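I have placed the structure first, in the form of structure tokens, so that the comments after it can refer back to it.
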Amino acid sequence: MTEISEAPQPGLQPEAGTRRVLKVALLGGGTVGSQVARILLDDAEALAARAGARLELVGIAVRNVDAPRDVELPRELYTTDAEGLVGSADLVIELMGGMEPARTHILAALRRGASVVTGNKALLAQDGATLFDEADANGAELNFEAAVAGAIPIIRPIRESLSGDRITRVLGIVNGTTNFILDAMDTTGAQFADVLAEAQRLGYAEADPTADVEGLDAAAKAAILASLAFHTRVSLDDVRCEGITNVSAADIAAAQDAGLTIKLLAIAELVPLEPAGSAERAADGAAPAPREGVSVRVHPTLLPRTHPLAAVRGAYNAVFIEAENAGSLMFYGAGAGGAPTASAIMGDVVTTARRLLAGSPGRTGTATRTLPLVGPEAVTTSYSIGLEVADQPGVLARVAAVFAEHGVSIETMRQRIDGAEPAAEGADGRQGRRAELRFVTHRASEAALAATVADIKNLDVVESVTSVLRAEGV
């Protein structure tokens, strides 16, 4: 472990007996990094009292020291020598983002026993196992509260407050851009493309919004949450991901008619597995097969408007946790932004400093068991299926028969007749008005629901399947 400096700092009067100094290196001087540096400098005395030592910011590694920045900071702090900073620090704050060179710098810090605070969700989701193993091997601390849901304290409650409980399910709105878009569509009735353009104008969406609207950002956060909640390492590749680009104004309107709303949810849950074969393996003397697995997915989801997550508006985030003993818990707040995210970073910095000064072992990942990661075939859910069909006798019966063939029970059905335009004449000479049917199913396996949709598409009375959305709590 890196030795902590004992030199007193001018102008600071720490608590009695406290003369220690922790050298802090900051990698990244962007929106969040600038706010972290501001807090370290402006609140130095208060932070020293809370942490038990002065947190000395020794430098800020950036690509260009002359680039314009929103926060006025001493120019002498900026450097392009990230490697040199890492080599001289007790604690490294990584806010560069991306895989490289962030990964290289974090590993270098951990290998020399320096602790790391990071908000790098992509790196943790894709290669967190390597970082955790390196931290464990060197007794270093690796904390990452800001990697999920910005200012919302969610990592520490899962790792510590709920460590004595059994979490069974995590539902999260963990991407502010997509929540802003879906909420605006719900409020105004506008189409996706129009609201996305407005989100970009307001700064809620990037010029290239792919990572947000395709669900990739949420998927990385889902992998982190699942790893912590179920003590099993989950990577980004293990997350089934579907974005919001196909959600239409018609889907939003239909949801409203049914008393529902649409949110992009990250869902991680324990799924019961078939016990088949367990007796045979036990008879052979081998360990019994796991009786449950972990499903992790991201997709647009219909929620009742009475669900706590349905009330999350604008660019805010929220995480809803179900645990055996604690019951249902929800954590809500700003999911992004310089100052809110810096708050989460500084919480980790103070906590890490306290542990360093106490000489306690580093805290890293919590993977203590290996549960199988299961695909959609093991999951049960509800579907909302929108169809455009010919308005003629017998259509509803034929569609309902397909649901019955696959053992999928219909909970509700709504029908709307479009009398303004006749349906186009098909190859069989059929012509008439169109009708829109929307079904909400009871819970069934994903496999059965997918097969149902595939067979419905092949019915000659079905013009098109206009939407397929999963539903929770309906």
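The values are calculated or read from the model by the stated rules, or taken from the named source; none is laboratory data. Quick caveat: nothing in here was measured; it's all calculated off a predicted structure. No Cβ is skipped: glycine too gets one built from the backbone with ideal geometry, and neighbour counts run over all protein chains shown. Heavy atoms of the whole protein, side chains included, go into the accessibility calculation; ligands, DNA and RNA do not. Shrake-Rupley method; radii C 1.70, N 1.55, O 1.52, S 1.80 Å.
Summary table
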{"quantity": "For the stretch 49-65, 3J(HN,Hα) per residue [Karplus equation, 6.51 cos²θ - 1.76 cosθ + 1.60, θ = phi - 60°, Hz, x = Gly/Pro]", "calculated": "5, 6, 7, x, 7, 6, 9, 8, 6, 8, x, 10, 7, 9, 6, 9, 6"}
{"quantity": "Cα long-axis angle, helix 176-188 against the chain (0 to 90 degrees, to the nearest 10)", "calculated": "40 degrees"}
{"quantity": "Value in Å of the Kirkwood radius, where the stretch 164-261 supplies the Cα pairs that are averaged", "calculated": "14.8 Å"}
{"quantity": "Protection-proxy order for peptides 42-52, 91-101, each taking the mean of Cβ atoms within 10 Å per residue, highest first", "calculated": "91-101, 42-52"}
{"quantity": "Area of Arg443 that stays accessible when all protein chains are in place (1.4 Å probe, Å², to 10)", "calculated": "120 Å²"}
{"quantity": "Accessible area per residue, Å², the chain with all protein chains present, probe 1.4 Å", "calculated": "43 Å²"}
{"quantity": "Cα centre as origin, Lys/Arg/Asp/Glu Cβ charges: the chain dipole, Debye", "calculated": "1000 debye"}
{"quantity": "Sequence-distant residues sharing a close amide H with Tyr383 (under 5 Å, placed H)", "calculated": "Thr441, Ala471"}
{"quantity": "Whole-Å distance, taken between Cα centres, linking the stretch 109-149 and the stretch 245-276", "calculated": "32 Å"}
{"quantity": "Label-reachable residues, the stretch 103-142, where backbone N falls under 16 Å from a point 7 Å from Thr370's Cα toward its Cβ", "calculated": "129-130, 133"}
{"quantity": "Proximal aspartates and glutamates to Lys221, defined as alpha-carbon separation beneath 15 angstrom and excluding residues fewer than eight positions away on the same chain", "calculated": "Asp127, Glu145, Asp212, Asp237, Asp238, Glu242, Glu269"}
{"quantity": "Leu41/Thr210 FRET efficiency (R0 35 Å; Cβ-Cβ; nearest 0.05)", "calculated": "0.45"}
{"quantity": "Linear extension gain, Arg69 paired with Ala451, 0.36 nm per residue minus alpha-carbon span", "calculated": "132.1 nm"}
{"quantity": "In Å², nearest 10: area of Ser360 left accessible to a 1.4 Å probe", "calculated": "40 Å²"}
{"quantity": "Mean Cβ neighbour count within 10 Å, used as a protection proxy, ranking 323-333, 295-305 highest first", "calculated": "295-305, 323-333"}
{"quantity": "Arg313-Asp460 pseudo-label distance in nm [points 7 Å out on the Cα-to-Cβ vector]", "calculated": "5.2 nm"}
{"quantity": "Contour minus Cα-Cα distance for Ala326 and Arg201 (0.36 nm per residue)", "calculated": "40.8 nm"}
{"quantity": "Accessible area of the chain belonging to carbon and sulfur atoms, whole % at 1.4 Å probe", "calculated": "49 percent"}
{"quantity": "With all protein chains modelled, accessible area of Arg111 [1.4 Å, Å²]", "calculated": "140 Å²"}
{"quantity": "Compactness of the chain as Cα Rg over 2.2 N^0.38 Å, two decimals", "calculated": "1.14"}
{"quantity": "In degrees, nearest ten, helix 102-111 long axis to first principal axis of the chain (Cα)", "calculated": "50 degrees"}
{"quantity": "Highest-first arrangement of 215-224, 309-318, where packing means the average Cβ count within 10 Å", "calculated": "215-224, 309-318"}
{"quantity": "The stretch 48-189: radius of gyration and largest Cα-Cα distance (Dmax), Å", "calculated": "18.1, 55"}
{"quantity": "Largest-first principal axis extents of the Cα set of the stretch 38-121 (Å)", "calculated": "34, 33, 24"}
{"quantity": "Theoretical FRET efficiency, 1/(1+(r/R0)^6), r = Cβ-Cβ of Thr245 and Ala401, R0 41 Å, to 0.05", "calculated": "0.80"}
{"quantity": "Contour minus Cα-Cα distance for Thr412 and Thr130 (0.36 nm per residue)", "calculated": "96.7 nm"}
{"quantity": "Pairwise FRET efficiency - Glu83 versus Thr188, Cβ, R0 = 51 Å, nearest 0.05", "calculated": "0.55"}
{"quantity": "Amide H contacts under 5 Å for Val116, placed H, 5+ residues apart", "calculated": "Val92, Glu141, Leu142, Asn143"}
{"quantity": "Under the Karplus curve 6.51 cos²θ - 1.76 cosθ + 1.60, θ = phi - 60°, whole-Hz ³J(HN,Hα) for the stretch 141-152, x wherever Gly or Pro sits", "calculated": "8, 9, 10, 7, 4, 6, 6, 10, 6, x, 6, 5"}
{"quantity": "Residues with amide H under 5 Å from that of Leu264, placed H, sequence gap 5 or more", "calculated": "Thr301"}
